[in-house]
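Nothing in this text is a laboratory measurement; each read-out follows from the coordinates by a stated rule. Bear in mind the structure is a predicted one, so any value in this text is a computation, not a measurement. We place every Cβ from the backbone using ideal geometry, glycine too, and count neighbours over all the protein chains shown.
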Amino acid sequence: MSRVSVLRSDPAEPRREPTTEVSPLSQYVLKLTSRCDLACDHCYVYEHPDQSWRRQPRVMAAATLRAAARRIAEHAAAHRLDTVRVVLHGGEPLLAGAAGLDAAAAELRRRIDPVTRLDLRMQTNGVLLTPQICDVLVAHDVKVGVSLDGDLAANDRHRRHANGASSHAAVRRALALLRRPAYRASYAGILCTIDLDNDPVRVYEALLAEQPPHIDFLLPHANWERPPPRPDGVATPYADWLLAIHRRWLADGRPVPIRLLESLLSTATGGTSRTEAVGLGFADLVVIETDGSFEQVDSLKSAYDGAAATGLDVFRHGVDDAAAHPMIAVRQSGLAGLCDTCRDCPVVRQCGGGLFAHRYRAGTGFDNPSVYCADLKELISAMAGTPAYVPAPRQGTDSLARDVLDDLAAGPGGAESAGQLASVHLAMVRALLVALSPHAADDPVAAAGWQLLVDLDVAAPDAVQAVLEHPFVRRWAQRCRDTATGDVSYLACLAAAAAIRAGVDADLDVPLTGGVLHLPTLGALTVAADARTARLAVDDGGVDVRVDGTRHRVRLDADAPAHWLPARHVRVGGRDLLIEDTDPYRDCYDLPVATRLGVADAARWTGQLDRALRRVDAEAAGYAPGLRILLRAVVPLRPDGSGTQRSAAAGAAFGAVALAPAPDDAALAVLLVHEVQHLKLNAVLDVCDLFDPDDERRLTVPWRTDPRPVEGALHGTYAHLAVADVWRHRPGPAAAAEFRRYRDWTDGAVDALLALGALTTAGHRFVRRMRDTLDSWP
Ligand code: SF4
Ligand code: SF4
């Protein structure tokens, strides 16, 4: 039965005139359970003044869940909301078990998906996470945030079991599970509550080691009645703690988005905040308790008993009623909802008065600045010199959303999906570089290169991004990571290329390979056969390279000297493309790559690529937008005189395809579409397990006589689906015959893949989408 709460107003609720207009609510915290398997002593649910959890049912009943889902859906439909976010919460939501979570997520999706986009999330302590539960989360596209306060000592300062036992190992096991390729798509990030007794940099390092897509730091809940500890009378210890992390984070090249810091950087330039903790954005959030009662944001429980209550519930009231509650409405009123002091504050647009719960004081209620006012001011002013930051590329680490995976699985995949794949890949390259950076410390050339790259990532992020997106940077980084043959000093070449692109003065040592200086995306300079390093200086007019007393001057905007081989950037089919015939890491295919092309050969390639890409636009319009984004480079293969069509793509070379000269433009157009499918699937498999990698069974596919491993069959099927589509749009009986051939091959392989039983849930869904595409063709 539902409990009917009594509406309780604090004696000093914020002054705000009642309004008849309701601002819709798009975020819901759904309490699946009201008990927890941990007994953290800083928990605002159990350890703060509000003790209403004692009156709540332990688990949300099915009828309550149905009513909640119905209310959310009807509110979203009435207000035509584009997206609704529901966070499964507790207590500890994993206490609901795999079956309970399955039922809850299925019910929410059943009710809300038809009305709006449902962004389904869960916040958990992670202790009870199992592969079985992860399967459920992936199946329903639930993104998971895990609470962790740092390393063993830091985490166990508060986050323990009731008997005092540590939770640290269990939480790390949960994070390791979420890092598995099969579950990575569900890994949303880590939430860490600050404790001044913990060393900030050690906490940061411990969290970074878990490779989270996001980190969120939370100030411990406090208010003017229960102020936070300020040891030794230090005025702004929380700002100091966060600034130590801020410095290290910048020095590391911002390897992971930190929500609080990024929100302050974003609001400093008029952008939006991504956390309720700062900024003037609307806090359009309501909590639904296990008994179905609507409550205000949970952190209010730290203020006084009953502070979060509204007296409303999902059985008798709609979400509109909750949105009209004065205490929920005031959190949606931006600047107008703040006290006079905050409204007059010079940093109010960044700070926003801090978290609502932190403003409480008996007598004046929430009509006060934050109890962290001094810290927030100090943090904002100390960060003021931080250059503006474009977080978009790192957002890719959030992995692929289910709708993106569905879009790609259908065959073409739109521009947005291709863009997400590219973002995910860029985030992987950044993560690889951060992982390599400790090795750079032992090599002075690499160390200086790394430092320059980190500085440029702040001063000229676009130039750094352009270099990191070069298809073969990942190949080099993987080789450094995986083998003893990798040359970590190549970091200096990346940094030099970024500095040149940015027009930033720089002076550093760079490594030579066989006497050649390689500058990815720019070209190669032949310097001296036996030298190992050169001194490179970038200035306004160009680049000076000195070795053994000899000076080579390169002006990138003027006629190139004979020893400078510029990268071949060409304009073909209305887009920019790199014909990559110089980069030292391009030999990553099973087929031998061509050496540097002569002028006539380069012109021939340019002409044929131009015509072939125009054919792609005309004959494979569905594939063209994705191909426009994903295809950045073509690597010419060495001609073998056989006339056989040869082409390749490699997982380590995102954005590049290797091609032998094709007999005609039409054949080249097909090869380009075919190989870009492999690029897409490789990038999907980087972050999403579509099949069980331990399953060694093989299957027979129509285009081969020998049985194929699942990965090979999947690649062939995905590529042939696209090739069939190209032929489908070409006229004439010969094209029709080709279409039927590829369609039948794809058809047979899809059936074989679905029947084998080696696909994961995501893989099954992926192949089913290919089947839907096939079935949609006449
Ligand atoms: S895990 Fe979360 S809900 Fe459970 S006791 Fe700790 S802080 Fe509270
Ligand atoms: S810094 Fe203090 S006064 Fe200024 S907006 Fe924040 S809480 Fe209010």
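Assorted remarks:
- In nm, spacing of pseudo-spin labels at W777 and R58 (7 Å Cα→C-beta vector): 5.6 nm
- Treating r as the C-beta distance of R532 and A737 and R0 as 56 Å, the FRET efficiency rounds to 0.45.
- Peptide ranges 334-344, 709-719 listed from the most packed, as the mean C-beta count within 10 angstrom indicates: 709-719, 334-344
- Near the amide H of K143, within less than 5 Å, lie the amide hydrogens of L120, R121, M122, all on another chain or at least 5 residues away, with H placed in the peptide plane.
- Taking a ≥ b ≥ c as the square roots of the eigenvalues of the alpha-carbon gyration tensor, the stretch 640-719 is classed oblate because a/c is 1.5 or more while a/b is no larger than b/c.
- Note on A336/D305: beta-carbon distance plugged into 1/(1 + (r/R0)^6) with R0 of 35 Å gives a FRET efficiency of 0.80.
- Dipole of the chain, positive end: most advanced residue of V348, L118, H720 [Cβ charges, Cα centre]: H720
- Placing R0 at 51 angstrom, the Cβ-Cβ distance between R555 and D442 gives a FRET efficiency of 0.90 after rounding to 0.05.
- The chain, helix-only ellipticity at 222 nm - DSSP H runs n ≥ 4, -39,500 (n - 2.57), divided by all residues, nearest 500: -12500 deg cm²/dmol
- Label sites at A603 and S166, each approximated as a point 7 angstrom past Cα along Cα to Cβ, lie 7.0 nm apart.
- Whether the stretch 84-180 is rounded, prolate or oblate, judged on the alpha carbon gyration tensor where a/c under 1.5 counts as rounded: prolate
- A Cβ-based charge dipole, computed about the Cα centre of the chain with Lys and Arg at +1 and Asp and Glu at -1, lands at about 1200 debye.
- Extension gain, D706 back to D540 (0.36 nm per residue minus Cα-Cα distance, nm): 53.8 nm
- Cα gyration tensor category, rounded, prolate or oblate, for the stretch 16-125 with a/c compared to 1.5: oblate
- Extension gain for Q132-T364 works out to 78.6 nm (0.36 nm per residue, less the C-alpha to C-alpha distance).
- Calculated P(r) tail over 40 Å for the chain, as whole % of Cα pairs: 42 percent
- Between D199 and D82, the simple label model (points 7 Å from Cα in the Cβ direction) yields a spacing of 4.5 nm.
- Per-residue packing, averaged as other Cβ atoms within 10 Å, sorts the ranges 350-363, 155-168 into the order 350-363, 155-168, beginning with the highest.
- Where a label projected 7 Å from the Cα of D576 along Cα→Cβ would reach, residues of the stretch 629-664 with amide N under 15 Å: 629-634
- Helix axis angle, 473-482 relative to the chain longest principal axis, alpha carbon, degrees: 80 degrees
- On the principal axes of its alpha-carbon atoms, the stretch 402-465 has extents of 49, 23, 15 Å, going from largest to smallest.
- Mean Cβ neighbour count within 10 Å, used as a protection proxy, ranking 461-474, 209-222 highest first: 461-474, 209-222
- Between 0 and 90°, nearest 10: helix 97-112 axis offset from the chain longest Cα axis: 80 degrees
- Cα centroid separation, the stretch 117-140 to the stretch 260-286 (Å): 26 Å
- Seen against the Cα atoms of the chain and their longest principal axis, helix 733-756 is set at about 50 degrees.
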